[in-house]
1. Suppose R0 equals 25 Å; then what is the FRET efficiency for A146 and E178 from their Cβ-Cβ distance, rounded to the nearest 0.05?
2. When the solvent-accessible surface of protein heavy atoms is calculated with a 1.4 angstrom probe, in what order do R68, R4 fall, highest first?
3. Using only helices, what value at 222 nm comes out for the chain when you add -39,500 (n - 2.57) per DSSP H run of length 4 or more and divide by the total residues, to the nearest 500 deg cm²/dmol?
4. Given 0.36 nm per residue, what is the gain on full extension from Q48 to T186 after removing their alpha carbon distance, in nm?
5. Rounded, prolate or oblate for segment 75-176? Axes are the square roots of the Cα gyration tensor eigenvalues, ordered a ≥ b ≥ c, and the cut-off for rounded is a/c under 1.5.
6. Which value in nm describes the separation of the simple spin-label points at A131 and R4, placed 7 Å from the Cα toward the beta carbon?
7. S102 to E20: extension gain in nm, 0.36 nm per residue of separation minus the Cα-Cα distance?
8. How large is the accessible surface of E34 in square angstrom, using a 1.4 angstrom probe and rounding to the nearest 10?
Amino acid sequence: MTERPTLQNGYLGAQPLFKEIGLSTKTHPEPEFETSENEFVIKLKASQPVKITSKVVSEVTGAESQERVFIQTRADDINLLISLDKTGYHRLQVYALPSSDSNKQLPGVFNYLIHCTGTPRKSRLFPKQFAQWRDGCVLLEPFSLAGDHVKGDVMFRVVVPQAHAVAVTTGDEWTHLEPGDNGIWTGRVSGIEKYKGKGLHAVLNANFSEDEETKYSSLLQYTL
């Protein structure tokens, strides 16, 4: 879609809860912008801990995707890494609530309209983020495993606070990561291409209980 879509009044920009829960824009204060890059970062700031998610809606195809956005939170900084696969107009919708709020349904707090005019970079599908991932976890690598070009051994490097064990599962196979003195868990999954085309995902899991060593929670789920 090359023409700008018609949007409902009040849709763009900060919604009432955005400032109320202590969020502000660090970059991209204007809710509508044009970019010749199809991969970029939007930075927000939070005055209190928040749980946050987002999705991209393509005006070209109508498709919605949470795998086109990856959210990293460090202290009060929230970075949204966006990777668009097509030129044209895209809506980025951000949802959030204070971490202390028990409601699992996150309301919309900010909406962007992005006009992407070029795709100089190969687009990436980011892993799906589960709720516990947002409790201070940080992804260093890999950011995507999708596509035939991803082959061979893949290094995983993640920060998972309070974890007693961290592992990657692909089908029935487990690869346990090793903890480092710097708080980074690392490990290598061998021959990732052998899992592709079988309807499998690579899942990052963590154990948070010494009393239940076999109980793991899913943190990230990668499309292969």
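The values are calculated or read from the model by the stated rules, or taken from the named source; none is laboratory data. None of these values were measured; they are calculated from a predicted model. Every residue, glycine as well, gets a Cβ built from its backbone with ideal geometry; the counts of neighbours run over all protein chains shown. The accessibility values were calculated without ligands, DNA or RNA, using every heavy atom of the protein model including side chains. Shrake-Rupley method; radii C 1.70, N 1.55, O 1.52, S 1.80 Å.
1. Calculated value: 0.45.
2. Per-residue accessible area, sorted high to low, gives R4, R68.
3. Value at 222 nm, helices only, nearest 500: -500 deg cm²/dmol.
4. Additional length available on full extension: 46.7 nm.
5. oblate
6. For the pair A131/R4, the computed spacing is 4.0 nm.
7. Computed gain between S102 and E20 is 27.8 nm.
8. Around 130 Å² of this residue is reachable by solvent.
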